[in-house]
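Please read the structure below before turning to the comments.
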Amino acid sequence: MKRVTGIGGVFIRSRNPEKLAEWYRKHLGVNFDGETYVSFKWDKNPEGRTVFSLFAQRSKYLGPVENQFMINFRVENLEKLLKVLEKEGVSVVEGIEEFSYGKFGWIVDPEGNRVELWEPSDNGFDD
């Protein structure tokens with residue numbers, strides 16, 4: 001069974017997401033278009049994307065406040081993988097969330113970092 005098929009996103013906790021987005025725009029050319037996230041399309045697969053997103057320092061989405069980042073991995077069969085990981089003793093966060101662009105589940109690595117697993121839907125992102 002395939003497990004991770006790529007990186008779906010990188011999320012960073014920030015004291016000031018808007019200001020940090022401006023820094024990334026100015027110095028690295030990352031165009032957030034007034035948002036605090038950007039979606040990079042893949043060159044060889046126009047359907048594929050990797051998201052880079054900035055979250056408020058107090059956001060609970062990344063797990064405990066001590067966690068400053070979260071990586072999102074693309075997977076092929078989220079429900080099956082979560083069951084396998086749980087049997088392997090991995091800490092699985094309860095619940096799967098589903099949106100038009102896919103299903104999301106979470107695990108916690110041995111150092112307490114929250115890791116997001118994403119099974120993209122057939123239509124991917126709505127553009």
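Just so you know, all these numbers are worked out from the coordinates, no wet-lab data involved. These numbers come from a predicted model, not from an experiment.
Pull up the cross-link candidates among the aspartates and glutamates for K87, meaning alpha carbon to alpha carbon under 14 Å and not fewer than 8 places away within one chain.
E79
So what's the projected area for the chain, the Cα convex hull averaged over all directions, in nm²?
Numbers: hull surface 34.3 nm².
The Cα convex hull of the chain, projected and averaged over all directions, gives 8.6 nm².
In degrees between 0 and 90, to the nearest 10, how far off the longest principal axis of the chain does helix 78-87 point, with axes built from Cα atoms?
60 degrees
For a quick check, take a GNM of the chain with Cα springs below 10 Å and name the residue from I71, I107, I96 with the largest mean-square fluctuation.
Highest fluctuation of the listed residues: I96.
Enumerate the calculated ³J(HN,Hα) couplings along the range 24-36 in order (Karplus 6.51 cos²θ - 1.76 cosθ + 1.60, θ = phi - 60°), each rounded to whole Hz, writing x wherever the residue is Gly or Pro.
My calculation for the range 24-36 gives 5, 5, 5, 8, 10, x, 7, 8, 7, 6, x, 9, 10 Hz in order.
Using modelled backbone amide H atoms (1.01 Å from N, in-plane), which distant-in-sequence or interchain residues come within less than 5 Å of V30's amide H?
Correct list: R25.
Would you please give the residues with an amide H less than 5 Å from that of G9, counting only those at least 5 places away or on a separate chain, with H modeled from the backbone geometry?
V51, N72
Using a 10 angstrom cutoff on alpha carbons, build the Gaussian network for the chain and name the most mobile of L78, L62, L20.
Checking each option, the largest mean-square fluctuation is seen for L20.
Taking only Cα atoms and a 10 Å spring cutoff, compute GNM fluctuations for the chain and point out the largest among R114, R49, R25.
Taking springs between Cα atoms under 10 Å, the residue moving most is R25.
Could you pull out every residue, at least 5 positions away or on a different chain, whose amide H is within less than 5 Å of the one on W106? Hs are placed 1.01 Å off N in the peptide plane, and Pro or chain starts have none.
V93, L117
Roughly what % of DSSP beta bridges within the chain run antiparallel, to the nearest 5?
Values: 25 of 35 bridges.
Here the antiparallel bridges make up roughly 70 percent for the chain.
I want to verify the translational diffusion coefficient of the range 36-88 in µm²/s; compute it with Stokes-Einstein, Rh as the Kirkwood radius over Cα pairs, at 20 °C and 1.002 mPa s.
On the way: Rh = 13.7 Å.
Taking Rh from Cα pairs, D becomes 156 µm²/s.
Take the residue pairs K2/K44; K2/K41; K19/K103; K60/K80; K60/K103; K19/K80 and return only those whose Cα atoms are more than 28 Å apart.
Numbers: K2/K44 20 Å; K2/K41 22 Å; K19/K103 30 Å; K60/K80 26 Å; K60/K103 19 Å; K19/K80 40 Å.
The answer is K19/K103; K19/K80.
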